1. May I ask you to derive the FRET efficiency for SER22 and LEU47 from their Cβ-Cβ distance with R0 = 25 Å, giving the value to the nearest 0.05?
2. How big, on average over all directions, is the shadow cast by the Cα convex hull of the chain, in nm²?
3. Answer with one residue from ASN43, LEU60, LEU27: the one whose Cα lies farthest towards the positive end of the charge dipole of the chain, charges on Cβ with Lys, Arg +1 and Asp, Glu -1.
4. Apply the Karplus curve 6.51 cos²θ - 1.76 cosθ + 1.60, θ = phi - 60°, to the phi angles in region 14-19 and return the couplings in whole Hz, x for Gly and Pro.
5. Please give the net charge around ASN43, taking every other residue with its beta carbon less than 15 angstrom from that of ASN43, where Lys and Arg add +1 and Asp and Glu add -1.
Amino acid sequence: MGVAAPCCLIQQHLLQLSDALSERCQLLQFELADQVATLPLGNECWLQTERELIAAEQALDRLRINQAFSAP
């Protein structure tokens, strides 16, 4: 049994990160929609969820760009 080339391992890791970030983004979108719909006026705890969602989306975009440039 051979050892995978480092390039393949990196691609596999990037794919796993991308999948995990996509799932997290989807969960955060649902959570944010629920928070905005159910929180009373003046309760701004949804802002933290929105910040996390934006950060996750930006990280996912960067991963996708890196994957495009590192594809053989």
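Every number here is computed from the coordinates shown, using simple stated rules; none is lab data. Everything quoted here is computed from the prediction, not taken from an experiment. With ideal geometry, Cβ positions are generated from the backbone for all residues, glycine too; neighbour counts draw on all protein chains shown.
1. On the way: r = 23 Å, r/R0 = 0.90.
About 0.65, to the nearest 0.05.
2. Quarter of the Cα hull surface area: 5.9 nm².
3. Selected residue: LEU60.
4. 4, 5, 5, 4, 4, 5
5. -4
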